[in-house]
Amino acid sequence: MNATPSAFTQPTSGLRPYLPLLVLLFIGSGCAALIYEIVWFQLLQLAIGSSAVSLGVLLGTFMGGMCLGSLLLPRLVAESEHPLKVYAKIELGIGVLGLVILFVIPLMDRVYAGIASFGWTGVTLRALIAALCLLPPTFLMGASLPAIARWIEATPQGVSWLGFFYGGNIAGAVLGCLLAGFYLLRVYDMGVATYVAVAINVAVGLLAWQLSSQAVYTRSSKSGAAAASESPNRRAVFLVIAISGMCALGAEVIWTRLLSMMMGATVYTFSIILAVFLIGLGIGSSVGSVLARNQERARTVLGWAQLLAVGGIAWTAYMLADSLPYWPVNPLLASSPWFNFQIDLARALWTVLPPALMWGASFPLAMSAVSTPGGDTARVAGETYAANTVGAILGALLFSVVFVPWLGTQDAQRLLMGLAMAAAVIALVPTLKLSLRGAGQTAAAAVLILSLGGGVALMRGLSAVPWLPLAYGRRAITTLNAGEPLYVGEGMNSSIVISQLPAGQRYFHVSGKVEASTEPFDMRLQRMLGHISALAHKDPKSVLVVGFGAGVTAGSFTTYSSINRIVICELEALIPPAATKFFGAENYGVLNDKRTEVQYDDARHFILTSAEKFDVITSDPIHPWVKGAATLYSKEYFELAKQHLKPGGVITQWVPLYESDLDTVKSEIATFFDVFPNATIWANNVDGEGYDVVLLGQAEPTKIDMDGVQQRLARDQKAADSLSEVGIKSATDLFGTYAGSASEMRQWLAGAAINRDLNLRLQYLAGMGANNQGAGAIMREISQYRKFPAGLFTGSPETLARLQEEIQN
């Protein structure tokens with residue numbers, strides 16, 4: 001495609017006093033953009049889910065909008081308009097739309113909930129909702145660089161400044177990432193974060209408008225004929241920068257997944273990893289902008305940057321598999337997370353920075369390679385940015401949804417290296433033919449062939465990440481006598497490990513975290529969740545289990561003859577069959593029970609979009625410090641679950657006391673009690689110490705007939721045996737774990753943070769307390785308010801006397 005020559009380009013020399021200020025404007029623009037991205041993703045995930053497919057739809061839509069904006073602005077906006085005024089309008093427009101979306105997305109949630117469906121129809125609908133919300137503002141975000149590019153002449157020096165603008169935008173993105181992740185959303189909420197981003201957009205827009213009245217935009221002296229020629233092999237350069245974008249986003253998907261397991265998957269870890277990746281892109285872009293001033297060599301340097309990226313990918317893969325897992329870093333030595341943040345930053349920089357530098361340098365080099373004197377710089381910037389973004393979209397979608405589940409992270413990284421080598425060949429081979437002759441060409445070809453051979457050798461030598469960090473994550477270095485892996489799998493949403501200790505205990509791990517085991521304390525908790533739920537209800541028929549895990553909780557419900565429907569909502573498709581193979585005896589083969597139906601979806605999304613109501617809903621999600629898990633502990637989620645309970649229905653919720661702190665536990669309990677004011681607490685006591693607790697709630701006041709419960713256990717002998725296996729011999733033993741009620745805990749919970757969808761306060765609190773090991777102390781604080789609950793239990797005087805003695809002891 002031939003770019004139309006610009007009639008209104010400003011010689012770069014006349015703009016020199018304004019160029020540093022323009023870089024500052026792009027820093028502000030990038031900062032606001034990242035704040036929006038984080039906020040919008042959290043808002044939309046609440047509606048369309050947080051599965052890999054949903055996240056892929058969101059990311060694809062976000063980046064697709066920027067691609068369209070960068071590509072179409074030069075075609076939609078007349079060249080006669082002052083670039084700074086166009087840029088100012090764009091920034092003000094982003095601010096307006098950012099404010100609108102804050103209020104529109106919750107409305108779209110309600111619309112989506114009313115018409116949502118599953119399967120590919122559901123995926124299409126999710127994409128439509130995301131597009132309606134994200135395309136308008138992201139279109140403007142993508143248009144900002146091409147808009148200002150028209151003020152710069154298409155000379156090597158001018159294109160170099162465009163690279164600096166791009167680098168400034170990335171620097172702002174780093175600032176926005178850290179500002180949102182570590183301060184705005186931790187201390188305030190999504191509303192405040194949005195207002196800050198809007199204020200930045202408005203300030204940038206007004207400053208750009210003010211500058212437009214001082215900086216003159218004049219007609220270039222170059223004729224259209226002189227500018228009509230295009231850089232040779234433009235399409236090849238666009239293909240190279242597209243592959244570069246694909247590799248960058250594919251690598252980010254893989255490395256974020258692996259690094260977050262090793263460092264702990266908190267919101268802070270994700271912010272650190274993203275910030276480091278952006279830092280690498282920004283530094284690389286600045287270096288590439290300097291190198292881009294030599295336009296004749298830009299394409300050659302672009303090609304060698306792709307080859308260096310091959311080495312960078314190999315470096316990161318080596319660090320992840322053969323170095324980082326063996327660093328002597330014990331994150332549990334400091335309860336304050338700020339010390340670990342410093343170590344995590346150092347580990348992320350050491351691991352990810354080298355390849356990110358190469359991908360950052362590629363963008364300005366590609367712009368320089370396709371630009372021609374007198375050409376339309378808006379189209380140069382827009383088309384290069386669009387090609388890079390298309391590749392990035394493909395990289396994010398294909399590696400998260402297809403390549404990692406299909407190939408695994410080891411071979412997915414090999415694929416990245418192969419793609420980078422292909423990009424290098426595409427860039428370098430035509431250059432060698434055109435610019436070199438004779439011995440020089442032969443020598444250069446030999447160097448290229450040797451480099452490619454070295455890349456192939458590096459590909460073959462890549463190691464897989466050891467199973468221990470996949471299983472134990474940040475605790476891998478401190479885990480002794482871990483036994484052996486029985487199963488290792490990398491799914492679309494999670495990495496799964498099932499291990500066995502030398503003594504025979506089996507552990508179930510999800511993304512670097514132990515989620516279930518055959519240890520007595522875990523088996524007791526998993527059975528309690530099921531049996532307290534089933535027995536607190538007078539006659540349960542249908543059950544919804546949130547999270548399959550090892551299947552032990554879901555399997556508990558198979559022991560009741562009255563239950564005829566068990567729906568299990570699980571995000572990762574690898575989990576149920578793997579858990580059934582290795583925990584089948586403990587979960588009673590629940591996956592193959594004729595009453596069982598498994599829904600592979602985000603639990604919140606399933607409840608939001610399902611019209612079905614249940615007698616029992618039990619939720620055993622992952623720890624709230626894991627990014628995204630706090631949505632299953634929010635007030636709105638509990639209200640949603642409450643609406644899907646039949647009359648007399650019960651809901652139970654797991655709350656861990658380990659790897660947590662007092663403020664986090666108070667927030668979890670207070671949020672649940674806010675929705676279920678009659679709720680109660682039940683303790684998984686281990687040797688007198690609380691390990692975790694179960695919250696039980698009903699819309700109506702809870703009444704538990706102890707004699708009736710014992711009769712049901714006598715009738716359903718399999719249920720009684722299931723409890724007996726974990727040391728609970730009777731109904732009195734089970735309900736003797738009573739630890740408190742909402743009315744008793746009101747004073748203790750005063751001032752506790754309520755976890756709301758618009759602040760997700762819990763994930764920020766929990767992320768700060770993940771290193772605490774004060775479960776016993778927390779349980780003692782809860783227990784000091786416990787007394788025998790008048791009105792909760794009914795039964796014979798003898799039964800109630802035994803129960804009271806059990807509770808008070």
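The values are calculated or read from the model by the stated rules, or taken from the named source; none is laboratory data. Bear in mind that the values here come from a model prediction, so they are computed numbers and not experimental data. Heads up, the Cβs are rebuilt from the backbone with ideal geometry, glycines too, and the neighbour counts pull from every protein chain shown. Calculation scope for accessible area: heavy atoms of the full protein, side chains included, ligands and nucleic acids excluded. Shrake-Rupley method; radii C 1.70, N 1.55, O 1.52, S 1.80 Å.
Brief remarks on what is shown
Every residue, every condition in (1) β-branched (Val, Ile, Thr); (2) open to solvent by less than 40 Å² (accessible area, probe 1.4 Å); (3) assigned to a loop (DSSP other than H, G, I, E, B), yes or no:
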position: Ile568; (1), (2), (3): yes, yes, no
position: Glu572; (1), (2), (3): no, yes, yes
position: Thr580; (1), (2), (3): yes, yes, no
position: Gly584; (1), (2), (3): no, yes, no
position: Leu591; (1), (2), (3): no, no, no
position: Val616; (1), (2), (3): yes, yes, no
position: Glu639; (1), (2), (3): no, no, no
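- Output for the stretch 75-96, where each listed residue is among the aliphatic types (A, V, I, L, M) and surrounded by fewer than 22 Cβ atoms within 10 Å (Cβ to Cβ): Leu76, Val77, Ala78, Leu92, Val96
- Test: residue in the stretch 731-746 that is among the polar types (S, T, N, Q), more than 30 Å from Tyr188 (Cβ to Cβ), buried (at least 17 other Cβ atoms within 10 Å of the Cβ) and in contact with a Lys or Arg (Cβ under 7 Å, 6 or more places away or on another chain): yes
- None of Leu134, Leu140, Leu99 is surrounded by fewer than 23 Cβ atoms within 10 Å (Cβ to Cβ) and either closer than 30 Å to His605 by Cβ or touching a strand residue (DSSP E or B) at 6+ places or on another chain (Cβ under 6 Å) (or both) except Leu99.
Each row is one residue, and each column tells you yes or no for (1) in contact with a His (Cβ under 6 Å, 6 or more places away or on another chain); (2) surrounded by 23 or more Cβ atoms within 10 Å (Cβ to Cβ); (3) polar (S, T, N, Q).
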site	(1), (2), (3)
Tyr600	no, no, no
Asp620	no, yes, no
Asn685	no, no, yes
Lys703	no, no, no
Asp707	no, no, no
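- Here Phe341 does not fit the description of being surrounded by 24 or more Cβ atoms within 10 Å (Cβ to Cβ), in a helix (DSSP H, G or I) and in contact with a helix residue (DSSP H, G or I) (Cβ under 7 Å, 6 or more places away or on another chain).
- Residues (in a helix (DSSP H, G or I) and touching a Phe, Trp or Tyr at 6+ places or on another chain (Cβ under 8 Å)) located in the stretch 258-276: Ser260, Val267, Tyr268, Ser271, Ile272, Ile273
- For Trp315: the one exception among (1) hydrophobic (A, V, I, L, M, F, W, C); (2) in contact with a helix residue (DSSP H, G or I) (Cβ under 6 Å, 6 or more places away or on another chain); (3) open to solvent by less than 30 Å² (accessible area, probe 1.4 Å): (3)
- Ala346 being of a type in the set (A, V, I, L, M, F, W, C), open to solvent by 10 Å² or more (accessible area, probe 1.4 Å) and farther than 30 Å from Ala573 by Cβ: yes
- Residue identified as out of contact with any His (no Cβ under 6 Å at 6 or more places or on another chain) and either open to solvent by less than 40 Å² (accessible area, probe 1.4 Å) or not in a helix (DSSP H, G or I) (or both) among Leu43, Leu72: Leu43
- Flag if Arg524 is touching a Ser or Thr at 6+ places or on another chain (Cβ under 7 Å) and open to solvent by 30 Å² or more (accessible area, probe 1.4 Å): no
- Residues (of a type outside the set (A, V, I, L, M, F, W, C), closer than 15 Å to Ile617 by Cβ and either touching a strand residue (DSSP E or B) at 6+ places or on another chain (Cβ under 6 Å) or open to solvent by 10 Å² or more (accessible area, probe 1.4 Å) (or both)) located in the stretch 554-566: Arg565
- Taking residues in the stretch 774-785 that are at pLDDT 90 or above, and partners anywhere that are surrounded by 14 or more Cβ atoms within 10 Å (Cβ to Cβ) and β-branched (Val, Ile, Thr), the pairs with Cβ atoms closer than 8 Å and at least 6 places apart or on different chains are Ile778/Val665; Met779/Val693; Ile782/Ile681; Ile782/Val693.
- Tallying residues that are surrounded by fewer than 19 Cβ atoms within 10 Å (Cβ to Cβ), part of a loop (DSSP other than H, G, I, E, B) and in contact (Cβ under 8 Å) with a residue 12 or more places away in the chain within the stretch 485-503 yields 3.
- Cβ separations smaller than 8 Å between residues 6+ apart or across chains give no pair from the stretch 238-251 residues that are open to solvent by less than 30 Å² (accessible area, probe 1.4 Å) to residues that are charged (D, E, K, R) and at pLDDT 95 or above.
Residue-by-condition table, conditions (1) under 42 Å from the mean Cα position of the chain (by Cα); (2) surrounded by fewer than 17 Cβ atoms within 10 Å (Cβ to Cβ); (3) of a type in the set (Asp, Glu); (4) over 25 Å from His537 (Cβ atoms):
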{"position": "Arg761", "(1), (2), (3), (4)": "yes, no, no, yes"}
{"position": "Tyr764", "(1), (2), (3), (4)": "yes, no, no, yes"}
{"position": "Ala770", "(1), (2), (3), (4)": "yes, no, no, yes"}
{"position": "Gln773", "(1), (2), (3), (4)": "yes, yes, no, yes"}
{"position": "Ile778", "(1), (2), (3), (4)": "yes, no, no, yes"}
{"position": "Glu798", "(1), (2), (3), (4)": "no, yes, yes, no"}
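- Selection within the stretch 175-186 - touching a residue at least 24 places away in the same chain (Cβ under 8 Å) and either crowded, with 23+ Cβ neighbours inside 10 Å or closer than 18 Å to Gly628 by Cα (or both): Gly176, Cys177, Leu178, Ala180, Gly181, Phe182, Leu184, Leu185, Arg186
- Pairs where the first residue, in the stretch 792-807, is at pLDDT below 90 and the second is of a type outside the set (S, T, N, Q) and open to solvent by 30 Å² or more (accessible area, probe 1.4 Å), C-beta under 6 Å, 6+ apart: Ile807/Phe788
- Gly280 being at pLDDT below 95 and in a helix (DSSP H, G or I): no
Each row is one residue, and each column tells you yes or no for (1) in contact with a helix residue (DSSP H, G or I) (Cβ under 9 Å, 6 or more places away or on another chain); (2) in a strand (DSSP E or B); (3) more than 20 Å from Lys613 (Cβ to Cβ).
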residue: His509; (1), (2), (3): yes, yes, yes
residue: Asp522; (1), (2), (3): yes, no, yes
residue: Leu525; (1), (2), (3): yes, no, yes
residue: Gly530; (1), (2), (3): yes, no, no
residue: Ala534; (1), (2), (3): yes, no, no
residue: Leu544; (1), (2), (3): yes, yes, no
residue: Ser561; (1), (2), (3): yes, no, yes
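- Residue check, Thr266 β-branched (Val, Ile, Thr) and free of Cβ contacts under 8 Å to residues at least 40 places away in the same chain: no
- For the stretch 436-459, the count of residues that are open to solvent by less than 20 Å² (accessible area, probe 1.4 Å), farther than 29 Å from Met367 by Cβ and touching a residue at least 40 places away in the same chain (Cβ under 8 Å) is zero.
- Odd one out for Ala482 among (1) at pLDDT 90 or above; (2) part of a helix (DSSP H, G or I); (3) open to solvent by less than 50 Å² (accessible area, probe 1.4 Å): (2)
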